[in-house]
Amino acid sequence: MDMLSRESLLCLMEDVESEDPIDYADLPFDESNLRELIVDSLLERELVFRAEEPDEAKRMLVYLAATARLTLENMVLHARLLRAGLEDA
């Protein structure tokens, strides 16, 4: 991620979230700190992953698979909340 700094990734994350906001509800977490924690973790993992797998195309496939899995998990969680009546449609 040569062209992507911590700050630019945080800005991109905020831009994406502005289009589809996350409902933190009454959770006792600072949203900004949570974003920073996630970005720092991802950038650290990328450094390790890059050393282990220098092929960028293979790394991209892993990232796409992980994104697909997280999206599916989020959809299932959302459906469960809807079913339990804990979230508006």
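The values are calculated or read from the model by the stated rules, or taken from the named source; none is laboratory data. Quick caveat, the model's predicted, so the values are computed rather than measured. Glycine also receives a Cβ, built like all others from the backbone with ideal geometry; neighbour counts cover every protein chain displayed. Ligands, DNA and RNA are excluded from the accessible area calculation, which covers all protein heavy atoms including side chains. Shrake-Rupley method; radii C 1.70, N 1.55, O 1.52, S 1.80 Å.
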Report the far tail of the P(r) of the stretch 1-52, meaning the percent of Cα-Cα pairs longer than 18 Å. 39
What nm distance separates the two modelled labels at ARG50 and ASP30, each placed 7 Å from Cα along Cα→Cβ? 2.8
Which whole-number value in Å³ per residue fits the convex hull of the alpha carbons of the chain? 121
Regression test value, accessible area per residue of the chain, probe 1.4 Å, units Å², expected 86
